[in-house]
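Let me begin by presenting the structure, written as structure tokens, before commenting on it.
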Amino acid sequence: MGKNIMMSNMNTGDMDREIDQLKQALVPEIIERLLAIALRRDGDFAEVYAEYAIINAVELEENKLRLAQTGIIQGVGIRVISGEKTGYAYSDSLSFDHLQRAAQTASYIADKSQAKAIKAINVSPSQTINLSPIETYPTQVEVKQKTDLLWRANETAYAADMRIKQVSASFGDSIKFYLVANSHGLLIDNKESISRINVEVVAEKDGRRQSGYHGGGGRVDFSFFDSFTPEAIAKEAVRMAIIKLDALDAPAGLQEVVLGNGWAGILLHEAIGHGLEADFNRKKTSLYSGRIGQKVASELVTVVDDGTIPNQRGTLNIDDEGTKTTRNVLIEKGILKGYLFDYLNAQLLKTKSTGSGRRESYKNYPLPRMTNTFMTAGDMTSDEIIRSVKKGFYAKSFGGGQVDISNGQFVFEVTEGYLIENGKITAPVKGANLIGLGPQVLEKVVMVGNDMKFDTGVGTCGKNGQSVPVGVGMPTCKISEMIVGGTQIEGASMTGGKV
Amino acid sequence: MSDYFSLSDDIIKLALKKGADEAEVYIEISRESEVGTRLEEVETLKEASARGLGVRIFKNKRLGFTYSSDFAKAHLDKLVQSAILLSEQTSADEFNGLPETVLDNSIKLDLYDSKLTDIELSRKIEICKLMEKILFSCDKRINNSEGAFFFDGDSTIYIANSNGLNHSHKSSYCYLYCVPVARQDDKLQSNYWFSLKRHFADLDKPENIARTAAERVIRMLGAVTPKTARVPVVFDPLTAASFIGGVLAAINGDAVFKRSTFLVDKLNRKIASSEVNIRDDGQLVKGLASSPIDGEGLPTANKEIISQGKLITYLYDTYTARKANIKPTANAQRGYSSTPAIGGFNFYLQAGKYPPEEIIGSIKSGFYITSLMGFGGDIVTGDYSQGAAGLWIENGKLTRPVEGLTIASNMLEMLRNIEMVGNDLTMMGPISAPTFKISEMTVAGG
């Protein structure tokens, strides 16, 4: 879970002017010339991706508004595909000379040594449908309105409990404009806004310290923070820190585990999502390669990746290759249904892109990635699920996770956990990780709640050094057994010693 | 080069004219190249250069910061204006401001390989293909690959401020990397090995990188998950470095001030076993994290962090050092798109006296860790829980592969329980460590 904050404050008048300049540097005739140059060595496909982004952040720490910052990112990336090969070059200058050089550099991936005559390419503009309409962009509002949110969070957190010794709050927002054109004639542009508030507190009692975190946002209007208030966020962060102050050490070993709804969807993201990204499957390096139509999870499990849900953090009007995002059923009642495709991998596997080609910025070529990944709701209440557990572990909130695509091992961090004893949630425990093997854990999903919910908008996913915002969602759900990585061992265990 | 100094000078002058009390410009010009092969065929080629500029100003002890990749004059003027406006939104803080010291520019660290850009693309492709060829020849169970890569690049930093600082230096890197995938009984394992250096001539031989990667993937085939136990644990150099990275985060002077680290109130106290000696060295010749200056222009140093288990210093930048009323340790780190934050340079656990075989040989039943997963180190509490895989030690020998385990303890307890430190330190990256043994940890399994 990336908590690094971004910020800036340019007004949108400036932004519209800058976007106009970018569009003027890349009028259709220029794009057509660049694409033609890029294909001179007989590449199969060429693409121009131009980006302009404003990134803002404000940070409050130790009762001081420490930082207000604004940044601009602008550049053009040019990609050429030849068979399975990708050539990529970028420029942060919009001058034709620089762009032409980038197109030439990218063209070298196609290994025909003789430059050919330029083929004519025609691009025609198409329209983007805006899935997350916004009236007031967070990037557009006065800095003071954002710093006010932070001061409110700060005040609430300190007032909430005497044991709170530190409060840090930050607000980050950005608007990213991008234009994608390719040798199939596509020319499309898109504007995506994203924002997020974070509150982190440290509580101290008898020399013991614990931190608590809460935050969220999405592709939302600034008014979103009228209902997702800094007060509520601060109170939640305080609640987590205070509970952990008296938490027991986590149990170790196999347990019956109940996952809370929301951010627990990171389990799906790690346990199966990455393994279904088409690049790994084309290369046959994922344990899910070649398993479409097979049972890979319990029949209670249906997993969807949907880039079209209004205002969610992982939502996109179009992906970074200009393809409309879609709702993709990955697993239906336990049966593997599909992978997530970008253009390159779809082409090579003779299918269509699922609108999953994403990149961090113009400096990167796209990869198949997730958007908003979630498990659909079942029919049990969370109470019924908890009551069914005699002795087990309730994982309510989570931190970050990681997966090994090839062997399927994944791990994620529990930031708020409890023991379950005789059907009741009892003592809080701290410092646990859950670890498992993707298909095994999904096979052991034995109860699914009716309370499917998305996370609050805090997820950032990293792959091959590229970070993109994602959403996850999950109903409360019970896993019959899973390894909890705590320190406390019960009953018999083997111990080692020195020779 | 002088162009960027005069550009910086213009920006600083403009900032002062517009009302800033202090101003700093940080410029980064970088080049990157990527060559990737898969199954001995070229798969990716990438080549590009980029630049960016950050403007940090203080006005009435308030901070404003802006950055951009657009160097057009009109745009830069706006960037300065915007930084000053932003400063009006932040709180006055008596400790805010630029460092006063001006750099002694004489130090030569040999961070730039001028011959790196002469290496032909065809040679890079050959090297990648060779790594994969060796991988596949090592063992027939290695029948796939995520690829072999040759990354290289360089960056030139210019930093100038209104206290008279004018510094520039250039550094380069090259990185070889390969990722074999092996199959046995329908189960896949992948692993990797790499070499990262400032100079091309210093890179490990591609053959050796590939052989190490092959050995690492093959030995994990057939891995099982053993039962939960409390046993001695050995960290190999790669996972040892990851743990030492946690120590680095915990001695951050800013976190210390906020009491949000488990190492608060521990200065000059024994926090680790006497086997533990850690240094932070900004001036290691050809060092992967060396730099003549820190992110604010202060000369870097080679300093003791932990000596025979005793914590000697926290790490500070200018702001936190003023707050703590001590000399800065020159540990500001940054890129053009961020304000300085505290970090380490070449941060490493010093070599101990034990050959790794002797460390492994000292254990009857234990866990030799070769890979860690997840984000399980809580710097505030020191609680530590990570996914782990590696080899099981029986009667002093590495035996069968194990995976799907978690290791858990508290970082302070782990530091105190470091019983043996290996003599096998090599500088593999910005953070390095030799093999070490922790007397006991909880290893959770099936």
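We did not get these values from a lab; they are worked out from the coordinates using the rules stated. A quick note: this is a predicted structure, and the numbers were derived from the prediction, not measured. Using ideal geometry, Cβ is built from the backbone for each residue, glycine included, and neighbour counts are taken over all protein chains shown.
A compact table of results
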quantity: Förster radius 35 Å - calculated FRET efficiency between B:V224 and A:E231, Cβ distance, rounded to 0.05; calculated: 0.10
quantity: Which of B:D186, A:D148 has the fewest Cβ neighbours within 10 Å, and the rest in rising order; calculated: B:D186, A:D148
quantity: Relative contact order of chain B, pairs being alpha-carbon contacts under 8 Å that are 6 or more residues apart, as %; calculated: 15
quantity: Most fluctuating residue given options B:A241, B:A148, B:A48, as computed from a GNM of chain B linking Cα atoms under 10 Å; calculated: B:A48
quantity: Cut-off 20 Å, label 7 Å out along Cα→Cβ of A:K144, residues of region A:197-215 by amide N; calculated: none
quantity: FRET efficiency, 1/(1 + (r/R0)^6) with R0 30 Å, evaluated for B:R400 and A:S480 via beta carbons; calculated: 0.65
quantity: Calculated P(r) tail over 56 Å for the protein assembly as shown, as whole % of Cα pairs; calculated: 6
quantity: DSSP H segments from chain A that extend 18 Å or more along their own axis, Cα-based, with Kyte-Doolittle mean of -0.5 or above; calculated: A:230-245
quantity: Across A:K463/B:K13; B:K73/B:K170; B:K227/B:K310; A:K430/A:K463; A:K453/B:K187, pairs whose alpha-carbon gap is larger than 30 Å; calculated: A:K463/B:K13; B:K227/B:K310; A:K453/B:K187
quantity: Taking only Cα atoms of region A:253-484, radius of gyration then Dmax in Å; calculated: 17.1, 54
quantity: For region B:270-318: rounded, prolate or oblate by the Cα gyration tensor [a/c cutoff 1.5]; calculated: oblate
quantity: Straight-distance crosslink candidates among aspartates and glutamates, where the alpha carbon sits under 18 Å from A:K146 and sequence neighbours closer than 8 are dropped; calculated: A:E59, A:E61, A:E62, A:E135, A:E155, A:D173, A:E200, A:D221, A:D226, A:E231, B:E88
quantity: Positive-end extreme of charge dipole, region A:241-363 - chosen from A:V258, A:L336, A:Q347 (charges on Cβ); calculated: A:Q347
quantity: Prolate/oblate/rounded label for chain B (Cα gyration tensor, a/c 1.5); calculated: oblate
quantity: Cα-based shape type of chain A, given that a ≥ b ≥ c are square roots of the gyration tensor eigenvalues and the cut on a/c is 1.5; calculated: oblate
quantity: Alpha-carbon gyration tensor eigenvalues x 5, square-rooted, for region B:223-446, Å; calculated: 32, 18, 16
quantity: For region B:1-158, average projected area of the Cα convex hull in nm²; calculated: 14.0
quantity: Relative frequency of Cα-Cα separations exceeding 17 Å in region B:116-218, percent; calculated: 57
quantity: Acute angle (nearest 10 degrees) that the helix B:2-17 long axis makes with the longest principal axis of chain B, alpha-carbon atoms; calculated: 60
quantity: Distance between modelled label sites at A:D383 and B:K61, nm, 7 Å Cα→Cβ extension; calculated: 5.6
quantity: FRET efficiency, 1/(1 + (r/R0)^6) with R0 30 Å, evaluated for A:N464 and A:D111 via beta carbons; calculated: 0.80
quantity: Between 0 and 90°, nearest 10: helix B:73-87 axis offset from chain B longest Cα axis; calculated: 80
quantity: Rounded tilt (10° steps) of B:237-250 against the dominant C-alpha axis of chain B; calculated: 40
quantity: Nearest-20 debye value, region B:223-446 charge dipole, Cβ charges on Lys, Arg, Asp, Glu; calculated: 400
